[in-house]
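To keep things clear, I will list the structure first and then write my remarks on it.
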Amino acid sequence: MIRETGFSLKKYNTFGVDVKTDVFIEFTSLAELKDIFENELLNKNQNFLVLGEGSNILFTKNFNGYVLKNSIKGVKIISEDKDSVEIKAGAGEHWDDLVNYCVEQNYWGIENLSLIPGTVGAAPIQNIGAYGAELKDVLVAVEGLSVAELKEMRISREEAKLAYRNSIFKNELKNKFIITHVILQLNKKGKPNLSYSGLSNYFKNTPVDKIDIGQIRKAVIEIRRSKLPDPAQLGNAGSFFKNPVVSDSIYNKLKSKYSNIVAFPVGDNRWKIPAGWLIENAGLKGIKIGDAGTYEKQALVIVNYGKSTGKEILELAKLIQKTVKEKFNIELEPEVNII
Ligand code: FAD
Ligand code: EPU
């Protein structure tokens, strides 16, 4: 168990903002995690934050308390039959290593989620999604520590209330439950999921039965690299805001005013409007406050061009919210966890 005080988090958040935490502890097992609570946190009634790879977090100031970095490793098959396999992975595993392993084994279900940064344990927090797939399609359950009782608990997919960029862990169980393991069910006889138009276009000249799981992973990686900045080169946390979902009547009003508006039906007479379109069409693509700016290839991504502070990034995010609200009367809700 690594323990540091007055520790810089610059390398531990993909925005690369330079803030410090009072105490930083890296834990590698449930027993170590329990120990931290028993011996440090509970009797001192301290503030804490569980950290994966910091790819969905914006630190706006120094963290007054304990940052607990999850490094619980391990991937194992817990059951299988001829059609499917159940895999249990440590929450501190790198998500894309797990995807790569599953693709190599020909286990279908998470190949469309290739190259999403972060840890396995953070994947259920916002129900990660991309290219027509979401974690909820494959999640069986999570295991972890209930902070109040210091007891190990299992939470099923149904109990986890996974929805678009949302779950029970961001709401009722926020700061009350720490995920230590994730259990997924994958398919040994899967088929390509080409529901996302960018992917079906990519394969427009290939018959579906000729597309293997490795080709899907390769295509997703290529498309992602063409649109999204690599945090190792340019600090960012992916989409800063969620895509807003609006009613039929709001969408129709917008459509009559802005005939080029982009929207996708999500059922129940509701439409998802890309926040990137709203930000670009509010004239905000490429704007900057200090070293914080909207990315020139994808307006929904806020990037750190060098020495931006978390406060500047937040200031830019607020300006975007205000301008989009004034122009389109739509509230943008942050996807990134602002600390
Ligand atoms: P962190 O940022 O470390 O933590 C995120 C939140 O989860 C925090 O509130 C933290 O306290 C909490 N948390 C983390 N681990 C645990 C745990 N074990 N138990 C309890 N709480 C925990 N997301 C998508 O959904 N789809 C995408 O396509 C996508 N693309 C991205 C592209 C880029 C370039 C980047 C930088 C980010 C992208 N993201 C995307 C966002 C991000 O990758 C995911 O949200 C990811 O799951 C975050 O993982 P993390 O380990 O970095 O979590
Ligand atoms: N668009 C613009 N201008 C822009 C950016 C986008 O007009 O600057 C419009 C385009 O019409 C484009 C549409 O928005 O067709 C959608 O853009 P894109 O396909 O890039 O996807 P997105 O809606 O911006 C979402 C997720 C991503 C995920 C991709 C692929 C959210 C908030 N974001 O982005 O997730 O990778 O779809 O499925 O749902 C993340 O959550 O961090 C993330 C990167």
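The values are calculated or read from the model by the stated rules, or taken from the named source; none is laboratory data. What you see is a predicted model; the values in this text were computed from it and never measured. A quick note on method: Cβ atoms are made from the backbone with ideal geometry, for glycine too, and the neighbour counts reach across all protein chains shown. Surface accessibility is based on the protein's heavy atoms, side chains included, excluding ligands, DNA and RNA. Shrake-Rupley method; radii C 1.70, N 1.55, O 1.52, S 1.80 Å.
Here are a few things to note about the model shown:
- Aspartates and glutamates with Cα under 15 Å of Lys20, excluding same-chain neighbours fewer than 8 positions away: Glu4
- Surface composition of the chain: carbon and sulfur make up 48 percent of the accessible area, probe 1.4 Å.
- Qualifying trypsin sites (Lys or Arg not before Pro) in segment 35-114, DSSP loop, other Cβ atoms within 10 Å at most 10: Lys82
- Selection from Ile155, Gly109, Ala141, by position along the positive dipole direction of segment 75-227 (Cβ): Gly109
- The residues neighbouring Val140, those whose beta-carbon lies less than 12 Å from its own, together hold a net charge of -1 under the Lys/Arg +1, Asp/Glu -1 convention.
- Projected onto their three principal axes, the Cα atoms of the chain cover extents of 61, 54, 37 Å, largest first.
- Inter-label distance, nm, simple model (7 Å from Cα along the C-beta direction), Ala31/Lys151: 2.2
- Summed residue charge, Cβ within 15 Å of Glu315's Cβ, Lys/Arg positive, Asp/Glu negative: +4
- The alpha-carbon atoms of segment 1-75 define a convex hull whose volume equals 88 cubic angstrom per residue.
- Cα centroid separation, segment 1-70 to segment 252-304: 34 Å.
- Eligible aspartates and glutamates near Lys10 by straight Cα distance, threshold 19 Å, same-chain separation 8 or greater: Asp18, Asp22, Glu26, Glu53, Asp230, Asp291, Glu312
- Cα→Cβ-extended label distance, 7 Å offset, between Ile77 and Gln105, nm: 0.6
- Radius 14 Å from Cβ of Glu222, net charge of other residues (Lys, Arg +1; Asp, Glu -1): +3
- Exposure rule at most 11 other beta-carbon atoms within 10 Å, DSSP loop GluC sites (Glu not before Pro): the chain longest free segment: 1-148
- Using a probe of 1.4 angstrom and keeping all protein chains present, the accessible surface of the chain works out to 48 square angstrom per residue.
- Against the compact-protein benchmark of 2.2 N^0.38 Å, the Cα-based radius of gyration of segment 222-314 scales to 1.22.
- Residue-averaged [θ]222 nm for the chain, counting only DSSP H segments that reach four residues, each worth -39500 (n - 2.57): -7000 deg cm²/dmol
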